[in-house]
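This is the structure, below, for whatever I ask next.
The values are calculated or read from the model by the stated rules, or taken from the named source; none is laboratory data. All of these numbers come straight from a predicted model, not from anything done at the bench. Methodologically, a virtual Cβ is constructed for each residue, glycine included, from the backbone with ideal geometry; neighbour enumeration extends over all protein chains shown.
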Ligand code: SF4
Ligand code: SF4
Ligand code: SF4
């Protein structure tokens with residue numbers, strides 16, 4: 001039963017968040033929301049342990065569609081970075097602020113970029129494209145993420161400074177237009193760079209939060225250097241160009257790991 005500890009721990013973490021927020025905010029939505037996400041993630045890890053090939057994609061679709069369609073389109077919550085700034089500026093700790101705190105700011109201290117591998121609704125679509133492993137060397141244009149990050153902050157800040165009315169409605173449309181722009185940019189970049197995850201590597205503003213926090217992640221893929229025969233298979237199947245053979249936190253592209261486990265599945269020596 002030891003191998004099922006991780007899904008149980010993940011479920012316990014999410015249930016703790018669910019119950020805490022339900023009771024402190026007196027809103028049963030939080031119990032439903034975080035229980036649903038925790039169950040989806042625990043199910044995915046369980047299926048992975050049972051060696052089901054599409055475990056990760058199932059979680060990605062369960063969580064991604066829930067957040068995009070139910071929370072975003074039906075409930076009208078802007079769960080993108082603009083929504084985070086919006087709630088932060090209004091001083092309301094709910095919706096996007098809670099989502100960001102759990103999934104993208106403090107959560108990565110525990111589960112790194114797990115959000116990017118198992119829950120993101122942008123990557124949920126990009127992962128259907130044909131370039132699961134990058135076909136070109138990585139470009140040195142990661143600085144673009146800081147531009148998009150600043151642009152999102154300036155956009156929402158300007159709405160507040162200009163005292164624009166009905167910001168809630170603008171946020172809803174920003175969510176629709178923002179997602180359309182992300183999907184378009186993501187698909188164009190994937191085909192241009194022959195890399196499904198090019199958008200994640202160069203454009204996504206959320207990585208400005210996630211990369212430094214995931215440097216300290218508790219859950220990470222480690223390499224047993226005694227078992228490794230330096231065959232290079234792990235590197236060749238990694239969608240994020242991580243040098244996972246280096247066990248240290250300073251490994252090349254270490255904060256890019258999305259915990260997809262492709263390297264672990266493909267290592268012929270069980271070194272990961
Ligand atoms: S880097 Fe951004 S777009 Fe890519 S999976 Fe992570 S949050 Fe989603
Ligand atoms: S696939 Fe395994 S054995 Fe090969 S380089 Fe990677 S860790 Fe080492
Ligand atoms: S293949 Fe391994 S190192 Fe690369 S992103 Fe997936 S889990 Fe991380």
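List the number of the failed condition for residue 228; all other conditions in (1) surrounded by 15 or more Cβ atoms within 10 Å (Cβ to Cβ); (2) closer than 21 Å to residue 57 by Cα; (3) within 12 Å of ligand 2 (Cβ to nearest atom) hold.
Here residue 228 clears every test but (2).
Also, I was wondering about something else. For segment 206-225, name all the residues that are surrounded by fewer than 20 Cβ atoms within 10 Å (Cβ to Cβ) and away from ligand 2 (no atom under 16 Å from the Cβ).
Selection gives 208, 209, 211, 212, 213, 215, 216, 218, 219.
Oh, and also: With the structure loaded, tell me whether residue 165 is within 12 Å of ligand 1 (Cβ to nearest atom), assigned by TED's automatic domain parsing to the domain that holds residue 148, at pLDDT below 95 and out of contact with any strand residue (DSSP E or B) (no Cβ under 7 Å at 6 or more places or on another chain) or whether it fails that test.
Values: within 12 Å of ligand 1 (Cβ to nearest atom): no; assigned by TED's automatic domain parsing to the domain that holds residue 148: yes; at pLDDT below 95: yes; out of contact with any strand residue (DSSP E or B) (no Cβ under 7 Å at 6 or more places or on another chain): yes.
When the stated conditions are applied, residue 165 does not pass them.
Is it true that residue 257 is surrounded by 15 or more Cβ atoms within 10 Å (Cβ to Cβ), within 19 Å of residue 139 (Cα to Cα), within 16 Å of ligand 1 (Cβ to nearest atom) and not assigned by TED's automatic domain parsing to the domain that holds residue 105? Let's see the steps before the verdict.
On the way: surrounded by 15 or more Cβ atoms within 10 Å (Cβ to Cβ): yes; within 19 Å of residue 139 (Cα to Cα): yes; within 16 Å of ligand 1 (Cβ to nearest atom): yes; not assigned by TED's automatic domain parsing to the domain that holds residue 105: yes.
Yes.
Out of (1) buried (at least 21 other Cβ atoms within 10 Å of the Cβ); (2) closer than 27 Å to residue 61 by Cα, what's the single condition that is false for residue 156?
(2)
Collect the residues in segment 236-259 that are within 12 Å of ligand 2 (Cβ to nearest atom), in contact with a helix residue (DSSP H, G or I) (Cβ under 6 Å, 6 or more places away or on another chain) and not in a loop (DSSP other than H, G, I, E, B), keeping them in residue-number order.
Answer for segment 236-259, where residues must be within 12 Å of ligand 2 (Cβ to nearest atom), in contact with a helix residue (DSSP H, G or I) (Cβ under 6 Å, 6 or more places away or on another chain) and not in a loop (DSSP other than H, G, I, E, B): just 237.
From the list 72, 83, 117, pick out the single residue that is in the same structural domain as residue 167 (by TED's automatic domain parsing), within 13 Å of the chain's Cα centre (by Cα), assigned to a helix (DSSP H, G or I) and surrounded by 19 or more Cβ atoms within 10 Å (Cβ to Cβ).
Just a single option satisfies the conditions, and that option is 117.
Among what's in segment 260-272 and is part of a loop (DSSP other than H, G, I, E, B) and either within 16 Å of ligand 1 (Cβ to nearest atom) or in contact with a strand residue (DSSP E or B) (Cβ under 7 Å, 6 or more places away or on another chain) (or both), pick the residue that is farthest from residue 228 (Cα to Cα). Step through it out loud before you land on a result.
Step one: filter segment 260-272 for residues part of a loop (DSSP other than H, G, I, E, B), giving 260-261, 267-272.
Applying the additional criterion that residues be either within 16 Å of ligand 1 (Cβ to nearest atom) or in contact with a strand residue (DSSP E or B) (Cβ under 7 Å, 6 or more places away or on another chain) (or both) yields 260-261.
Numbers: 260: 20, 261: 16 Å.
It comes out as 260.
Of the residues 6, 23, 31, which single one is over 18 Å from the mean Cα position of the chain (by Cα), modelled with pLDDT under 90 and assigned to a helix (DSSP H, G or I)? So that I can check it myself, show each step before the final result.
Working: 23 fails: modelled with pLDDT under 90; 31 fails: modelled with pLDDT under 90.
None of the other options fit; the residue is 6.
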